[in-house]
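Asks: Below: one structure in structure tokens.
The values are calculated or read from the model by the stated rules, or taken from the named source; none is laboratory data. On a predicted model such as this, the values are computed, not experimentally measured, just so you know. With ideal geometry, Cβ positions are generated from the backbone for all residues, glycine too; neighbour counts draw on all protein chains shown.
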Amino acid sequence: MINSKIYSSDFETALDLGRPPNIKTLFPNSKALIVSGKYIDTGMLEKGRCMTIAANGRNAFIIRGALMAAQRANAGIIIEIARSEGGTQAYCAVNLWNIARQTDAFMNELKITVPVAIHADHFGIKKPEDIEPAKTEITSLFDAGITSIAIDASHMPDDQNLLANLELFPFIPDWAGLETEVGEIKGSQGLSTDKEALFLIRGLNAHGIFPNWIALNNGTTHGIETSGTGINVELTARIHESLAKYKVSGAQHGTSGNSSDRLKEIALRTRTTKANVATALQMISWGFQVNDYGNAIMENDAFIKEQDKGVSDQTWKQMQAFASANNIKGGDFKKLNLPFEAKFMAQPKKYRDRMSKGVEDFVYSLLTDVFNATDTAPIIIDAILKAQSHDPGPKAEKIEKKSDWTKEKIIEKASHLDTDKGPDGNFDD
């Protein structure tokens, strides 16, 4: 248990004003300040040259640890799960429909008073046929407490990506945080360009859509970073500069495995306010040995379990046996989340506590020493009090003409984009 901050009159007012309608309906008596993703972005921009963690809550211990770290740092954060991690074909017990409930419960239990957004990350649209069923699913996510979403149609050509975003936007509440993406996250191949990013953001702007974040393929990968290439800071800064008048922030994906220096550069030199961390938190919660970047260290193609950290030795042996029997190796260890969540919960308290504590210490270091997110919580609360609403409103204004961005003109404009999408493959979460 962490030391709680005293509930102030400002906090009580922010609690009343700042929680979106779906959160108030689901948790009418809650003391958890769950807010729109818009407010998290607003707080980071107000402080300047900082970003916060978007912690992928692949298990309950990651969520608890990230929340405790945020309270220690007095920072607003995002708790998220990607569609591939926690969607209808989930490999995690935490999913898009229970992550808000778990987060709210933990915030009340631990007396967390910092603002937290609940984000549906990488809501993937891989082909036009995915759009129609997505309309119902997106609605269900907000019914379940999501307060921010990433529409990721980057798997498709640029015109289809934009058209998918336009078609799905009406199913997202106007108060919710919104992320869009150009270029699949696939490492050094198929890097995003300023022309692609401008095409997407200009087309959205023409239709009165102002995303909080844009995610780029700027050199990172999901999962275990093995290339050593990581974030291309120069490319990111150049694209963000080209988008400056549209006031869209950056969402940095594939953060695990990047050096602290590189992450500090992203915070200092770009408009990035959201940094996704997934694999590192999973590995740390389990007690695997990681380097300074949060990247798991392997020996003879096997993970190294640290003594007195993470899961119990007995649970680790069970995980190894399960992985061996099912030919699960390397980055596919993520598939152990679903079959082992209950086993993690069934461990003695000392093991459960140290799983969360490992995450807490790692996230606290990121927030305070790397991301510069310390003391952003009161900035966000002040923003809520100033707006007197759960919705701070759009941070951008309409610049483009809708008549220039009809479906026919979108297709025609896209035909002139010279882009390299990189190799085909499975680049989820």
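Asks: Mind counting the residues in the stretch 390-416 that are exposed (fewer than 14 other Cβ atoms within 10 Å of the Cβ) and not basic (Lys, Arg)?
Replies: 10
Asks: State all residues of the stretch 225-274 that are among the small types (Gly, Ala, Ser), assigned to a loop (DSSP other than H, G, I, E, B) and in contact with a Phe, Trp or Tyr (Cβ under 8 Å, 6 or more places away or on another chain); if no residue qualifies, say none. If you could, list the steps in order and put the result at the bottom.
Replies: Restricting attention to the stretch 225-274, the residues satisfying the condition of being among the small types (Gly, Ala, Ser) are 227-228, 230, 237, 242, 244, 249-251, 254, 256-257, 259-260, 267.
Cutting the leftovers down to assigned to a loop (DSSP other than H, G, I, E, B) gives us 227-228, 230, 254, 256-257, 259.
256, 257, 259, listed by residue number.
Asks: Collect the residues in the stretch 186-213 that are at pLDDT 95 or above and assigned to a loop (DSSP other than H, G, I, E, B), keeping them in residue-number order.
Replies: 207, 208, 209, 210, 211, 212
Asks: Further, regarding this structure: Considering each residue of the stretch 263-320, count those that are charged (D, E, K, R) and buried (at least 21 other Cβ atoms within 10 Å of the Cβ), and give that number.
Replies: Quick first cut of the stretch 263-320, residues charged (D, E, K, R) only: 264-265, 269, 271, 274, 292, 299, 301, 305-306, 308-309, 313, 317.
Going one step further and asking which of them are buried (at least 21 other Cβ atoms within 10 Å of the Cβ), we end up with 271, 274.
Qualifying residue count for the region: 2.
Asks: Next question, about the same structure. Starting from the stretch 78-97, take each residue that is touching a residue at least 24 places away in the same chain (Cβ under 8 Å) and list its partners that are of a type in the set (Ser, Thr, Tyr) and not in a loop (DSSP other than H, G, I, E, B), counting only C-beta distances under 9 angstrom and pairs at least six apart or across chains.
Replies: Filtered contacts from the stretch 78-97: 78/52; 78/148; 79/103; 80/148; 90/84; 91/84; 96/140; 97/140.
Matching residues to (1) in contact with a Phe, Trp or Tyr (Cβ under 7 Å, 6 or more places away or on another chain); (2) at pLDDT 95 or above; (3) assigned to a loop (DSSP other than H, G, I, E, B):
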| site | (1), (2), (3) |
| --- | --- |
| 324 | no, yes, no |
| 339 | yes, yes, no |
| 353 | no, yes, no |
| 369 | no, yes, no |
| 373 | no, yes, yes |
| 381 | yes, yes, no |
| 392 | yes, yes, yes |
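Asks: Pairs please, first residue from the stretch 136-156 and surrounded by fewer than 24 Cβ atoms within 10 Å (Cβ to Cβ), second anywhere and among the charged types (D, E, K, R) and outside any loop (DSSP other than H, G, I, E, B), Cβ atoms under 8 Å, 6+ apart in sequence or on different chains.
Replies: Note: pairs meeting the criteria are 144/101; 145/101; 145/104.
Asks: The conditions are (1) crowded, with 24+ Cβ neighbours inside 10 Å; (2) not in a strand (DSSP E or B), and residue 81 fails exactly one of them. Which is it?
Replies: (2)
Asks: Can you pull out the residues in the stretch 108-156 that are among the small types (Gly, Ala, Ser), in a loop (DSSP other than H, G, I, E, B) and modelled with pLDDT of 95 or more? Lay out the reasoning, then the answer.
Replies: Initial filter on the stretch 108-156 (among the small types (Gly, Ala, Ser)): 117, 120, 124, 134, 140, 144-145, 148, 150, 153-154.
Now drop any that are not in a loop (DSSP other than H, G, I, E, B), which leaves 144-145, 153-154.
Correct list: 144, 145, 153.
Asks: Report whether or not residue 337 is out of contact with any Ser or Thr (no Cβ under 9 Å at 6 or more places or on another chain) and without any contact (Cβ under 8 Å) to a residue 60 or more places away in the chain.
Replies: Values: out of contact with any Ser or Thr (no Cβ under 9 Å at 6 or more places or on another chain): yes; without any contact (Cβ under 8 Å) to a residue 60 or more places away in the chain: no.
Spelling it out, it is not the case that residue 337 is out of contact with any Ser or Thr (no Cβ under 9 Å at 6 or more places or on another chain) and without any contact (Cβ under 8 Å) to a residue 60 or more places away in the chain.
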